[in-house]
Structure formats: structure tokens, C-alpha cells
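A quick write-up on the structure given underneath.
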Amino acid sequence: MFESFYQNPILREYFNPNQFHITSWVRDPVGLYHPFVFDFEKKFFDKIYAYNIYTWMNKWWWLSIVYSIIYVGLIYYGRLLMEKRERYELRLPLILWNLSLALFSIFGMIRSLPEMIYALD
């Protein structure tokens, strides 16, 4: 089953188990040191890659405003649409959703706490 998964070159690049190796100290182009860096994060320290991301974000910044307006509209009109409908029983999906958000936040804190402590030192 997983053999076909790893035959796809894009999936093989992004889900390579070797990319989860942690390097203890990495120096970025600005000269700052970062305490714990995964191998897949090292490409963000490449000046050309960072410049391409910066250029793309400068070109398409306005999309965030469009998406925000669409989101607010969907929330407003979604409430009007659902007003006359029968309530859904969403207790279990909401519990699972909140649990997954809590776990994601915990892992994010574990990942970013050493960087923050190092930066504040």
C-alpha cells in the first residue's frame, strides 16, 4: 500500500522520513543561530527561496483581504440560511475538533518554546 505512496516524487519529497532529523544549531543568512531545526526547515534559510516567498507574498497580499470578506459573508449568510433548519447534533465532532486544536497548539508550543527561550536570552 505505501509503496505506491513513495513512488510519487512530490509525496516522496515532502514525506521523506529523513527530513525529520533535527540539527542542533543552524545559522541563518542574517547571522542568527537557531537551536533546533528540522531538515525540511533548512530551505527557509536559503536566500533565493526566501526571496521568492517574499516576492510572492508582496504580489498577492491583497488576496487575504478578499478571503476575509468572503469568510465574513459566508458566516453571515450561513447563519441566515441555517436559521429555519433543524439543529445538528455536533457534540462529538466539536469535542474532537477542540481536542485536535489543543493537541496542535501543544505541539506548536513544544516546537517554538526553545526558539523563544533562546531569543529572549
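The values are calculated or read from the model by the stated rules, or taken from the named source; none is laboratory data. Predicted model only: the values in this text are computed from it and were never measured. In this analysis, Cβ positions are derived from the backbone assuming ideal geometry, glycine residues included, and neighbour counts consider all displayed protein chains.
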- [ ] Give just the number: which of (1) at pLDDT below 80; (2) closer than 26 Å to residue 116 by Cα; (3) surrounded by 10 or more Cβ atoms within 10 Å (Cβ to Cβ); (4) not hydrophobic (A, V, I, L, M, F, W, C) does residue 18 not satisfy?
- [x] (3)
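Results for (1) farther than 30 Å from residue 36 by Cα; (2) among the small types (Gly, Ala, Ser); (3) assigned by TED's automatic domain parsing to the domain that holds residue 37, shown as yes or no for each residue.
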residue	(1), (2), (3)
80	yes, no, no
97	no, no, no
101	no, no, no
105	no, yes, no
110	no, no, no
114	no, no, no
117	no, no, no
120	no, no, no
